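Peer 1: My questions will all concern the structure given below.
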Amino acid sequence: MAWSNRRGLIIRRSVIGLLVLLFLGLVGSWFVAGWLVSPQLRVIGDPPTDLPATSISLVSNSGTTVAGWHIPTETHDGVVVLLHSIRGSRLSMMERARLLHSAGYSIVMIDLQAHGESPGKQITVGHLEKHDVRAAVEFAQQEHPKEPIGVVGVSLGGASALLSSPLGIDALILESVYPNINDAVHNRVAVTLGPLSSIPAELLLVQLQPRFGIVPSQLRPIDHISNVGSPVFLISGTEDRYTTATETKQMFAAAREPKDLWLVDGVAHVDLYRASPQEYKTRVLNFLKQHMRTRL
């Protein structure tokens, strides 16, 4: 009888201890997630003086106004919309803007909501940002009628472009774009916690409903890639642990022809242009030249 009572006490204490750990985990993960999706606002400043850029402000169905720059050319070869990665801004896309503008393309580059100079309560990993993408593409269509339109989206920017597809564009370049939010969260937590990542990752995922009013199935860019309606070029690093080469190949398999794939050898989740500038320039410009054709 004494042993039975002791065993019961041990079980009760164990259960209480697990519940306390779960509660602490939930509380801790709530604050961590809050920090991860907190607005990344910053002063961008005046447009670059080496380009004919003007400031723009677009109304987005995300519930905010989207700040950006419009950089026209006189060639009418097409316009490219540039979309930055999470916790970045249009400034992180300036090297691409200069590359593409020198190749004859006009540029529309924006700060996604809750980034740079675009207001927003929180980063929503594509859920609201998809509306900002549509606003930028519609601006490009209005300012450059009959010209071909391309989109270059990095990480969050690319995911947002897919979630808003079809956009009626002529070419889409996706760099390091996650296929679904489940894998994205698990991969990122695993980089920090290794084999102990599963439970913390799930604690982050269950917050999608209370924070954003959505479920994980609504954040699956891979489900939209077949609806893009234009040629797609997927780029990622072979050593990327956030968006793995296997996941990028899955995205490529889900896309419709014409499509292209470039796995940058030995590169992780970094700026792919800076990692391999000459090959990036050659591959990206060739892709755009092939598919960006003047509309009649």
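The values are calculated or read from the model by the stated rules, or taken from the named source; none is laboratory data. Owing to the predicted nature of the structure, the values given are computational and were not obtained by experimental measurement. Every residue, glycine as well, gets a Cβ built from its backbone with ideal geometry; the counts of neighbours run over all protein chains shown.
Peer 1: Which of (1) crowded, with 24+ Cβ neighbours inside 10 Å; (2) part of a helix (DSSP H, G or I) is the odd one out, the single condition VAL152 does not satisfy?
Peer 2: Going through the list (1) crowded, with 24+ Cβ neighbours inside 10 Å; (2) part of a helix (DSSP H, G or I), VAL152 breaks only (2).
Peer 1: Shifting gears a bit: Can you pull out the residues in region 97-129 that are within 11 Å of ILE86 (Cα to Cα), part of a loop (DSSP other than H, G, I, E, B) and not charged (D, E, K, R)?
Peer 2: LEU112, GLN113, ALA114, ILE123, THR124, VAL125, GLY126
Peer 1: Here is a list: LEU172, LEU162. Which entry is part of a strand (DSSP E or B) and not charged (D, E, K, R)?
Peer 2: Criteria check complete, one pass: LEU172.
Peer 1: So, in region 255-280, how many residues would count as being over 23 Å from HIS291 (Cβ atoms) and in a helix (DSSP H, G or I)?
Peer 2: Residues meeting the conditions: 2.
Peer 1: Here is a follow-up. Applying the selection to region 209-223, what residues are more than 19 Å from SER155 (Cα to Cα) and either in contact (Cβ under 8 Å) with a residue 60 or more places away in the chain or part of a helix (DSSP H, G or I) (or both)?
Peer 2: Of region 209-223, the ones more than 19 Å from SER155 (Cα to Cα) are 209-215.
Of everything in region 209-223, those that are more than 19 Å from SER155 (Cα to Cα) and either in contact (Cβ under 8 Å) with a residue 60 or more places away in the chain or part of a helix (DSSP H, G or I) (or both) turn out to be GLN209, PRO210, ARG211, PHE212, ILE214.
Peer 1: Of everything in region 239-254 that's in a loop (DSSP other than H, G, I, E, B) and among the hydroxyl-bearing types (Ser, Thr, Tyr), which residue is farthest from ILE123 (Cα to Cα)? If you could, list the steps in order and put the result at the bottom.
Peer 2: Initially, region 239-254 is screened for residues in a loop (DSSP other than H, G, I, E, B), giving 239-244.
When the remaining residues are screened for being among the hydroxyl-bearing types (Ser, Thr, Tyr), the result is 242-244.
Values: TYR242: 18, THR243: 19, THR244: 22 Å.
Within region 239-254, the match that is farthest from ILE123 (Cα to Cα) is THR244.
Peer 1: Next up: May I ask you to say which residue of LEU203, LEU193, LEU208 is at pLDDT below 90 and either within 19 Å of the chain's Cα centre (by Cα) or among the aromatic types (Phe, Trp, Tyr) (or both)?
Peer 2: Values: LEU203 fails: either within 19 Å of the chain's Cα centre (by Cα) or among the aromatic types (Phe, Trp, Tyr) (or both); LEU193 fails: either within 19 Å of the chain's Cα centre (by Cα) or among the aromatic types (Phe, Trp, Tyr) (or both).
Exactly one of LEU203, LEU193, LEU208 is at pLDDT below 90 and either within 19 Å of the chain's Cα centre (by Cα) or among the aromatic types (Phe, Trp, Tyr) (or both), namely LEU208.
Peer 1: If you don't mind, there's one more thing I want to ask. Checking the conditions here, which among SER106, SER85, SER118 is surrounded by fewer than 23 Cβ atoms within 10 Å (Cβ to Cβ) and among the hydroxyl-bearing types (Ser, Thr, Tyr)?
Peer 2: Sole residue among the options that is surrounded by fewer than 23 Cβ atoms within 10 Å (Cβ to Cβ) and among the hydroxyl-bearing types (Ser, Thr, Tyr): SER85.
Peer 1: Still on this structure, I have one more. Tell me the residue from GLY237, GLY213 that is within 23 Å of TYR280 (Cβ to Cβ) and either in contact with a strand residue (DSSP E or B) (Cβ under 8 Å, 6 or more places away or on another chain) or modelled with pLDDT under 95 (or both), please.
Peer 2: The unique qualifying residue is GLY237.
Peer 1: All but one of (1) touching a residue at least 40 places away in the same chain (Cβ under 8 Å); (2) closer than 23 Å to LEU83 by Cα; (3) out of contact with any strand residue (DSSP E or B) (no Cβ under 6 Å at 6 or more places or on another chain) hold for VAL232; which doesn't?
Peer 2: (3)
Peer 1: For region 33-52, enumerate the residues that are closer than 25 Å to GLU95 by Cβ and in contact (Cβ under 8 Å) with a residue 40 or more places away in the chain.
Peer 2: Within region 33-52, the first condition is being closer than 25 Å to GLU95 by Cβ, and the residues that meet it are 39-52.
Passing the criteria: PRO39, GLN40, LEU41, ARG42, VAL43, ILE44, PRO48, ASP50, LEU51.
Peer 1: Go over the candidates VAL79, VAL43 one by one and state the one that is loosely packed, with under 15 Cβ neighbours inside 10 Å and at pLDDT 95 or above.
Peer 2: Unique residue meeting the criteria: VAL43.
Peer 1: Among SER226, SER236, which is the only one that is small (Gly, Ala, Ser), assigned to a helix (DSSP H, G or I) and within 23 Å of ILE169 (Cα to Cα)?
Peer 2: Answer to the check: SER226.
Peer 1: On to the next question. Run THR244 past the list (1) at pLDDT 95 or above; (2) hydroxyl-bearing (Ser, Thr, Tyr); (3) surrounded by fewer than 17 Cβ atoms within 10 Å (Cβ to Cβ) and report the number of the one that doesn't hold.
Peer 2: Answer for THR244: the failing condition is (3).
Peer 1: Additional query: Filter region 235-256 for residues that are without any contact (Cβ under 8 Å) to a residue 12 or more places away in the chain and either of a type in the set (A, V, I, L, M) or more than 23 Å from LEU193 (Cβ to Cβ) (or both) and give the result.
Peer 2: Result: ALA253, single match.
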